[in-house]
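Chemist: The structure under discussion is supplied below as structure tokens; questions concerning it will follow.
No lab work stands behind these numbers, since they all come straight from the coordinates. This is a predicted model, so every value here is computed, not measured. Heads up, the Cβs are rebuilt from the backbone with ideal geometry, glycines too, and the neighbour counts pull from every protein chain shown.
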Amino acid sequence: MLSDEFRFKLLVKLGSLIFKQYPFKWSQLDWLRNPWFRSYLEKFGEERGFNKERRWILRELMRLVEMVPGDTAECGAFEGAGSYLICHANAANCNFNRVHHVFDSFEGLSTPAAVDGAYWHKGDMSRGEEIVRKNLTEFSAYELHKGWIPERFDDVKEKHFAFVHIDVDLYQPTLDSMNFFYQRMNPGGIIVCDDYGFTTCPGATRAVNETLRNKPEKMIALPDGGGFLIKGISASSRGALDT
Ligand SMILES: C[S@@+](CC[C@H](N)C(=O)[O-])C[C@H]1O[C@@H](n2cnc3c(N)ncnc32)[C@H](O)[C@@H]1O
């Protein structure tokens with residue numbers, strides 16, 4: 001029987017013959033074996049997918065806002081996997097009765113602009129509202145706001161937020177989401193942009209950087225894609241990703 005260590009080394013050797021720059025990672029990680037997290041991945045068919053790291057960091061960042069008042073929101077839900085993690089953390093939090101607000105066209109992406117490059121097309125990532133409702137059945141404290149961003153933002157214009165997950169892939173809806181939610185975040189609240197730093201989402205990265213140009217907070221880019229900021233915590237712009 002070959003040891004895991006030997007098989008990993010072999011995988012890296014073979015893999016680098018096929019894809020020289022592919023960034024292999026350690027597999028001896030506790031979080032990959034977390035039973036709750038594994039069943040969550042299974043629920044959304046992501047056991048062998050490439051979103052695991054960003055799912056895990058979303059779960060961890062929700063822990064950081066446990067004592068921050070305010071609602072939560074997701075811009076761009078697809079099948080509701082991100083919203084599931086947020087609702088799960090909200091339901092376990094005894095400090096606040098948060099409501100989670102989900103914004104989605106349920107018709108996929110809007111029309112990409114030139115700044116978005118050639119990867120995305122109108123209508124990509126389209127999923128029906130009923131799929132999100134089905135995946136969130138175990139939770140009651142959420143509201144779906146169906147429509148093109150920013151049309152339905154008025155529904156929550158009087159609210160303040162502890163956590164917002166922006167995941168709409170393109171420049172304009174990312175810009176609209178950042179502009180709307182940044183000013184409504186409570187101190188210590190977190191904004192995550194799932195698309196930040198992906199070469200397939202240059203418009204989203206640009207929209208975030210433009211919004212934060214004159215703000216003390218900057219996006220902290222994560223190694224597996226995406227980034228986050230903490231409202232009220234300034235960060236250096238030196239070394240930030242730019243487009
Ligand atoms: C990448 S998926 C979201 C993935 C999801 N956050 C997750 O964690 O699995 C992008 C979503 O954004 C929605 N979307 C993109 N552009 C939009 C816009 N301008 N207005 C409303 N929804 C939009 C799409 O319908 C799609 O559901």
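Chemist: Among (1) among the acidic types (Asp, Glu); (2) near the ligand (Cβ under 9 Å from one of its atoms); (3) over 29 Å from LYS231 (Cα atoms), which single condition is GLU74 missing?
Modeler: Of the numbered conditions (1) among the acidic types (Asp, Glu); (2) near the ligand (Cβ under 9 Å from one of its atoms); (3) over 29 Å from LYS231 (Cα atoms), the odd one out for GLU74 is (3).
Chemist: Take SER126 and tell me if it is closer than 23 Å to ALA204 by Cα, free of Cβ contacts under 8 Å to residues at least 24 places away in the same chain and not aliphatic (A, V, I, L, M). Outline the logic, then answer.
Modeler: Working: closer than 23 Å to ALA204 by Cα: yes; free of Cβ contacts under 8 Å to residues at least 24 places away in the same chain: yes; not aliphatic (A, V, I, L, M): yes.
It is true that SER126 is closer than 23 Å to ALA204 by Cα, free of Cβ contacts under 8 Å to residues at least 24 places away in the same chain and not aliphatic (A, V, I, L, M).
Chemist: Using the structure shown, decide if ASP124 is on the phi > 0 side of the Ramachandran plot and either in a loop (DSSP other than H, G, I, E, B) or near the ligand (Cβ under 10 Å from one of its atoms) (or both).
Modeler: Values: on the phi > 0 side of the Ramachandran plot: no; either in a loop (DSSP other than H, G, I, E, B) or near the ligand (Cβ under 10 Å from one of its atoms) (or both): yes.
Criteria not met by ASP124.
Chemist: Say we look at region 217-239 and pick out the residues that are touching a residue at least 60 places away in the same chain (Cβ under 8 Å) and touching a Lys or Arg at 6+ places or on another chain (Cβ under 8 Å); which of these is surrounded by the most Cβ atoms within 10 Å (Cβ to Cβ)?
Modeler: Selected residue: GLY226.
Chemist: Could you tell me whether ASP242 is within 16 Å of the ligand (Cβ to nearest atom) and either at positive phi or surrounded by fewer than 24 Cβ atoms within 10 Å (Cβ to Cβ) (or both)?
Modeler: Working: within 16 Å of the ligand (Cβ to nearest atom): no; either at positive phi or surrounded by fewer than 24 Cβ atoms within 10 Å (Cβ to Cβ) (or both): yes.
Considered against the rule, which asks whether it is within 16 Å of the ligand (Cβ to nearest atom) and either at positive phi or surrounded by fewer than 24 Cβ atoms within 10 Å (Cβ to Cβ) (or both), ASP242 comes out as no.
Chemist: What are the residues in region 157-193 that are away from the ligand (no atom under 16 Å from the Cβ) and of a type in the set (Asp, Glu), if any?
Modeler: Result: GLU158, single match.
Chemist: Okay, next question. Would you mind listing the helices (runs of 4 or more DSSP H) fully within region 127-237 where at least 3 residues are of a type in the set (A, V, I, L, M, F, W, C)?
Modeler: Details: elements: 129-135, 171-182, 202-212.
Qualifying helices (runs of 4 or more DSSP H): 171-182, 202-212.
Chemist: Output the number of residues of region 96-110 satisfying the condition of being within 9 Å of the ligand (Cβ to nearest atom) and part of a loop (DSSP other than H, G, I, E, B).
Modeler: The total comes to 6.
Chemist: Counting only residues that are closer than 30 Å to PHE163 by Cα and more than 16 Å from the ligand (Cβ to nearest atom), give me the helices (runs of 4 or more DSSP H) lying completely in region 1-69 with at least 2 of them. Full working, then the answer.
Modeler: Working: elements: 4-18, 35-43, 52-64.
Ranges flagged: 35-43, 52-64.
Chemist: Now, a different point. May I ask you to say which residue of PHE19, PHE44, PHE24, PHE6 is over 16 Å from the mean Cα position of the chain (by Cα) and farther than 18 Å from ASP224 by Cα?
Modeler: Details: PHE19 fails: farther than 18 Å from ASP224 by Cα; PHE44 fails: over 16 Å from the mean Cα position of the chain (by Cα); PHE24 fails: farther than 18 Å from ASP224 by Cα.
When all the criteria are applied, what remains is PHE6.
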